[in-house]
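Trainee: I am attaching a structure below and will ask some questions about it afterwards.
The values are calculated or read from the model by the stated rules, or taken from the named source; none is laboratory data. Everything quoted here is computed from the prediction, not taken from an experiment. When we count neighbours, we look across all protein chains shown, and the Cβ atoms used for this are built from the backbone with ideal geometry, even at glycine.
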Amino acid sequence: MNDTISAKTKTLIFLLTVAAVSLITYLAGILDWNRVQWSSALVFLILVIILNSFPVNLPRGGVVTTSTAAAFASILLFHPLIAVMITVLGDLFSRRKGRTLIHYVFNAAELTVSTGTAALLYRIFIPATPVFSLRFLLVSITSLIVYTIFNVSFVTLIIAFEQKEKPYSLWLTNLKWGMPNFLGMVPLGILIAVIYSTIAFWGLVLFLLPLALARQSFESYMNMRRTFLDTIKSLAIAIDAKDPYTKGHSLRVSDYAVALARELKWPDDKVELLQHISLIHDVGKIAVPEEILKKPSLLSKEELDIMKTHSQAGAEIIKDIKYFAEGAAMIRHHHERWDGTGYPDHIKAEYIPEGARLLAVVDAFDAMTTDRLYRKAMESGAALQELQLGAGTQFDTRIVSAFINIYPQLNNSPKEVARKNIPSDHSLAQSYSK
């Protein structure tokens, strides 16, 4: 978390803390302490601590762990207050690095509200020891859905407040990436509860291997995603290296493009595709002779015609790659103009794919604000004016307006754009639980 905590974050933590204290007070009042199975609760607490100590980071903040299955089971097995104690203490004593007091306060409050509400809902309909039946199954799934929605929502809100992002988009992203974990952990949690109520401790032993395998599978998937993104970034660096005067261009264009797409409220899957496509939008330059790319003066008409082939060549290179196929049109048309005088196909206005229109704006802005052999970089203000002058002829007016609107928030720094807007696997808020 940042050193300076925003007012929204403080307000959220305060409200959650008040709600948590109120809920604990209520639950303590309805608990028969003489009927608590402390040995069973201790077993689940130890299990949750162990499983919590090996989290997997989500793409845009927060983590998931296989402790979710044990937490789900505790909701179904114990009084709501005991279930709260297991999840909160399990998080408190887990082996996590980099967390501060404010992280612990937030986690304790949100886990209390999420777990306590779900457990209370379950106990209203199933007050006795769980016996597998259709009613038990429906009530269990419903209460665990409530837990998941609360948990994801609270974590999303605090990350959105700290990273100054739109909560809804971030919520959909975290829900999307957390859903495989939820779908895997719910059946395990229900089975753990049913089997533990039948054969006690040895029922948990049966699930240790499946839980370890589930965690390993999800981590492998997330690592593969990170490796894929790192590979694309390396390819972008290699492309830019062919022309030393555009070093870092693709990374900056990608940063700007992601920020702009979020401003335009693109769905998260399209933003992620755009992120990758914009990193390799100049891949076709590998087909352009180096003497043209490195020419220290303006290009002749013949040389310019050769340079113009790079967008079409780039589209041809990636069109047969399944993941990139949808983005081939963005690369092919990112030098088209709103008035139809661009290249390679001279299409105009909304016939140009929106992604290509977006790339055209950020590509031109970065080109204007970086040095070339034959000219010095423009000041950002002058470059924004040029974009505005080209709106309606070279560029889509709506996209230009959106970029001008968000640019002051980007602190004039592509690195800041990346930190705040790219679905990063190294989130500022990764220390928050689940």
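Residue by residue, here is whether (1) modelled with pLDDT under 70; (2) among the aromatic types (Phe, Trp, Tyr); (3) more than 30 Å from residue 406 (Cβ to Cβ); (4) not in a helix (DSSP H, G or I) holds:
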residue	(1), (2), (3), (4)
135	no, no, yes, no
140	no, no, yes, no
150	no, yes, yes, no
157	no, no, no, no
174	yes, no, no, no
177	yes, yes, no, no
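Trainee: Oh, and also: Please give the helices (runs of 4 or more DSSP H) falling wholly within the range 208-304 in which 2 or more residues are crowded, with 21+ Cβ neighbours inside 10 Å and at pLDDT 85 or above.
Mentor: Once the helices (runs of 4 or more DSSP H) in the range 208-304 are filtered for at least 2 residues that are crowded, with 21+ Cβ neighbours inside 10 Å and at pLDDT 85 or above, what remains is 249-263, 268-279.
Trainee: Oh, and also: With the checklist (1) surrounded by fewer than 21 Cβ atoms within 10 Å (Cβ to Cβ); (2) in a loop (DSSP other than H, G, I, E, B) in hand, flag the one item residue 342 doesn't pass.
Mentor: In the conditions (1) surrounded by fewer than 21 Cβ atoms within 10 Å (Cβ to Cβ); (2) in a loop (DSSP other than H, G, I, E, B), residue 342 misses (1) alone.
Trainee: While we're here: Can you confirm whether residue 233 is among the charged types (D, E, K, R) and within 20 Å of residue 362 (Cα to Cα)?
Mentor: yes
Trainee: Looking only at the range 96-109, filter to residues that are of a type in the set (D, E, K, R) and more than 16 Å from residue 67 (Cα to Cα); which one of those is modelled with the highest pLDDT?
Mentor: Per the criteria, the residue is 99.
Trainee: Against the condition out of contact with any Lys or Arg (no Cβ under 6 Å at 6 or more places or on another chain), within 29 Å of residue 397 (Cα to Cα), assigned to a helix (DSSP H, G or I) and of a type in the set (S, T, N, Q), how does residue 311 come out, does it pass?
Mentor: no
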